[in-house]
Amino acid sequence: MSSDLFYADLHIHTTASDGLLTPTEVVREAAIAGVRCLAVTDHDTVAGLGEASREARLVGLEFMPGIEVSAWRHGREIHVLGYGVDADSAVWPDYERRMMDMRRERAYEMVDRLQSLGKDLQHSDVDRIVGDAMPGRPHVARALVEKGLIASMHDAFAAFLGDGRPADVPKKAVGYREVIAMIHGAGGIAVLAHPAHRFTDYDLAELRDHGLDGVEVVHPSHPPDLTQYYANAARRHGLIPTGGSDYHGSADGQVPTIGSFGVAEDVVKEIRQLAAAYRTPSHD
Ligand code: AMP
Ligand code: ZN
Ligand code: FE
Ligand code: FE
């Protein structure tokens, strides 16, 4: 059990991308955990937001619509969270179709590489696990586990699918400036996800200059010193400090539970105020 329970958990995945629980199930799990507000932030899709927001209303939880967009910056992949985005915005259908096609092709290429590494895995095995979701590496990992070709998700990433491993295929993602503009265009604010050790003051200043609104300070991958570093950096750069568990469901006895990482209510208010300001016609 975690000792801290936050007002809001602003980073949660569902079956719309690579999470194990449906949007309805994550909202119910959040309610049981005792958090008051949750954001659903699936990889490159807003497909789960309608169902999650309906269920949140039913169980009396505050809901923050979100997305976690993959982006390229200076030759590396970064993740940009969008909060307060309109799921019905005209920017999404086109973007999601592109990402769906790109990620499916990428998953097939991973399967091809796994085959050449001696694993008896077919495209159809991955199709079955992906269903209608936005495909990702965890689906490929699950396919390996379900076919008995590897012992666990952890082993699948360690041996084959983790960053830089032999079956890891880079994404054809969009540039980060375009991603930030797209999130703003959908009425949301743009937040740098789980920066870990990678972002200096210079990087944050540059991102801020290109429209970044916040930085994810509280995240399971951040030890206390990093949380402190980014909390201070956020204050210096005028970025909103956000946080969440990055919950994907409890496979492999995953530790972070909903609400074990997150933020206080004033941060949620700050996000809503800034998103509302972006939506007023006078804003340029
Ligand atoms: P993708 O968007 O297809 O690159 O997949 C990224 C997702 O894979 C992350 O959001 C995690 O859910 C999962 N993931 C990445 N690296 C690992 C790892 N080393 N172990 C377990 N899961 C991982
Ligand atoms: Zn994920
Ligand atoms: Fe991420
Ligand atoms: Fe995530």
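The values are calculated or read from the model by the stated rules, or taken from the named source; none is laboratory data. None of the values given here were measured: they were computed from a predicted structure. No Cβ is skipped: glycine too gets one built from the backbone with ideal geometry, and neighbour counts run over all protein chains shown.
Take R198 and decide whether it is under 21 Å from the mean Cα position of the chain (by Cα), at pLDDT 95 or above and not small (G, A, S).
Spelling it out, it is not the case that R198 is under 21 Å from the mean Cα position of the chain (by Cα), at pLDDT 95 or above and not small (G, A, S).
Does any residue of region 6-14 turn out to be surrounded by fewer than 24 Cβ atoms within 10 Å (Cβ to Cβ) and more than 16 Å from ligand 2 (Cβ to nearest atom)? Steps first, answer last, please.
Residues of region 6-14 surrounded by fewer than 24 Cβ atoms within 10 Å (Cβ to Cβ): 7.
Subset that is more than 16 Å from ligand 2 (Cβ to nearest atom): 7.
Yes, region 6-14 has at least one match.
Among the listed residues P220, P241, identify the single one that is within 16 Å of ligand 2 (Cβ to nearest atom) and modelled with pLDDT of 95 or more. Write out each step before concluding.
Details: P241 fails: within 16 Å of ligand 2 (Cβ to nearest atom).
Unique residue meeting the criteria: P220.
Being within 21 Å of the chain's Cα centre (by Cα) and of a type outside the set (D, E, K, R): is that true of P166 here?
Here the answer is no, as P166 does not meet what is asked.
Looking at L144, is it more than 10 Å from ligand 1 (Cβ to nearest atom), among the aliphatic types (A, V, I, L, M), over 13 Å from D18 (Cβ atoms) and in a loop (DSSP other than H, G, I, E, B)?
No; evaluated as a whole, the condition is false for this residue.
Inside region 143-164, can you point out the residues that are surrounded by fewer than 23 Cβ atoms within 10 Å (Cβ to Cβ) and in contact (Cβ under 8 Å) with a residue 40 or more places away in the chain?
S152, M153, H154, F160
Among the residues of region 18-56, which ones are surrounded by fewer than 24 Cβ atoms within 10 Å (Cβ to Cβ), within 19 Å of S260 (Cβ to Cβ) and not aliphatic (A, V, I, L, M)?
Across region 18-56, the qualifying residues are E25, R28, E29, G34, R36, C37.
Here are some conditions: (1) surrounded by fewer than 22 Cβ atoms within 10 Å (Cβ to Cβ); (2) in the same structural domain as V91 (by TED's automatic domain parsing); (3) part of a helix (DSSP H, G or I). I183 meets all but one. Which one does it not meet?
(1)
I'd like to verify a number: residues in region 41-65 that are in contact with a helix residue (DSSP H, G or I) (Cβ under 8 Å, 6 or more places away or on another chain), under 18 Å from V179 (Cβ atoms) and within 14 Å of ligand 2 (Cβ to nearest atom), how many?
Residues that pass the stated criteria total 2.
Looking at A71, is it more than 16 Å from ligand 4 (Cβ to nearest atom) and either modelled with pLDDT of 95 or more or not assigned by TED's automatic domain parsing to the domain that holds I271 (or both)?
Values: more than 16 Å from ligand 4 (Cβ to nearest atom): no; either modelled with pLDDT of 95 or more or not assigned by TED's automatic domain parsing to the domain that holds I271 (or both): yes.
In short, no.
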